[in-house]
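For reference, the structure is listed below as structure tokens.
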Amino acid sequence: MMLLNQRPEHNQPLVATDALALGMAGADQAEHYLKARDGHAETPLHALPALAGELGIAALHVKDEGKRLGLGSFKALGGAYAVMRLVLEEAGKRLGRTVDVGEIGDASVRAIAAQMTFCCATDGNHGRSVAQGAGLVGARSVVFVHAGVSRERVAAIARYGAEMVRVEGGYDHSVREAARVAAERGWTVVSDTSWPGYERIPGLVMQGYTVIVREALKRVPEPPTHVFLQAGVGGFAAAIAGHLAILFGGERPKVVVVEPARAACVYATAEAGRPVKIPHEQPTVMAMLECHEPSLVAWRVLARLGDAFMTVDEEDAVAVMNRLARPAGNDPAIVSGESGGAGLAGLIRAARDKDMRAALGLDAGSRVLIINSEGATDPGRYAELVGMAPQEVARARQPA
């Protein structure tokens, strides 16, 4: 399914708080913090000319966030960044001066961080980032996971020192439980979704993601005409779309928001014209996108900058994982997790449908940017769906 944005807000300017969070100064700060982290390296951008030819477009580039900071997903840029910002802000208040990220290892800053507890709910990747960020600054982390989060993903978060709490129900239940317990115990919630009265911290999480845009634009020969962005609660898609709009203004690329058909809360919100919660029915293989209520901040951005909203099916996601693992021509092999290739699944579906293609203006001159938002964050599940272990894919054909 695909829905063009007919909202009256479409193509209107961002509200001031969103423009500030996703603008140039915010992106500068996110880059400054990122460069201070050990193991920081720009993630690769791959050209896929063979697949672009099959889809009848001029160029296809995939930014591979599966290699980000050892966490295996773009989320490494968000939760950890927000935790670091919040600790340094608190240190600044207590010490009576501005505290820079370069002081993150100072004893006085770590003593303050040790008194702070950060918590969040997660499908897997965001919790890993929050836990890693807390570990970097010497704070405590508590991560709430719902019943559908695999044991492998829970173990991957716990390795960063987080206390793990299992919650019955789905992701949205874990979000509410994390907020309830944090309010009782005086902890700080670092969520990638937002609700009334809770917007600034999710805005910081989104600000961290703007680094992806900057890195990608340094490497593409020409700016993209289209970006296909996967959405769970919508924060990632909104961050990328927002920063692109600030950079390019009226010449911004067309933004297509892609979700699993089984968890399409942003699509349902676009259809209703207001944030809606959808029922939790069948689980989706795209586990990192299994969200049933959009972030209010994300929707505020996407109502203005999302040009179309579409859904993909379970088999679409698995087909993309396999296609990226076994590419045609000279295209590089890319390890993409169950949710990582959802944007590409949307592009493939749209490019092969005459009506969708026309509605989106996809043609032989189109240049498309896709973000592989995660690698094999659950290696066992990846091997089951692809028939190869992640390391086998990496060895089969090294990216150019």
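The values are calculated or read from the model by the stated rules, or taken from the named source; none is laboratory data. Small disclaimer: the values here were computed from a predicted structure and weren't measured. As a convention, Cβ positions derive from the backbone with ideal geometry for all residues, glycine included, and neighbour counts pool all protein chains shown. For accessibility, only protein heavy atoms count, side chains too; no ligands or nucleic acids. Shrake-Rupley method; radii C 1.70, N 1.55, O 1.52, S 1.80 Å.
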Quiz item: In this structure, is Leu51 over 30 Å from Arg185 (Cα atoms), in a strand (DSSP E or B) and either open to solvent by 60 Å² or more (accessible area, probe 1.4 Å) or not hydroxyl-bearing (Ser, Thr, Tyr) (or both)?
Solution: no
Practice problem: Name, by its number, the condition in (1) within 20 Å of Gly133 (Cβ to Cβ); (2) touching an Asp or Glu at 6+ places or on another chain (Cβ under 9 Å) that does not hold for Gln230. | Solution: (1)
Quiz item: Ala319 versus (1) in contact with a Pro (Cβ under 8 Å, 6 or more places away or on another chain); (2) surrounded by fewer than 24 Cβ atoms within 10 Å (Cβ to Cβ); (3) under 19 Å from Gly66 (Cβ atoms); (4) of a type in the set (A, V, I, L, M, F, W, C): which is the lone unmet condition?
Solution: (1)
Quiz item: Hey, among the residues in segment 162-180 that are out of contact with any strand residue (DSSP E or B) (no Cβ under 7 Å at 6 or more places or on another chain) and surrounded by 14 or more Cβ atoms within 10 Å (Cβ to Cβ), which one's modelled with the highest pLDDT?
Solution: Arg176
Quiz item: From the list Ala82, Ala131, Ala121, Ala76, which residue is assigned to a strand (DSSP E or B), among the small types (Gly, Ala, Ser) and surrounded by 21 or more Cβ atoms within 10 Å (Cβ to Cβ)?
Solution: Ala121
Quiz item: Among the residues of segment 19-34, is there at least one that is modelled with pLDDT of 95 or more and part of a strand (DSSP E or B)?
Solution: no
Practice problem: Please tell me if Gly249 is in a helix (DSSP H, G or I), without any contact (Cβ under 8 Å) to a residue 12 or more places away in the chain and either in the same structural domain as Leu45 (by the TED database) or at positive phi (or both). | Solution: yes
Exercise. Sort through Lys75, Lys63 and tell me the only one that's within 24 Å of Ala216 (Cα to Cα) and at pLDDT below 95.
Key: Lys75
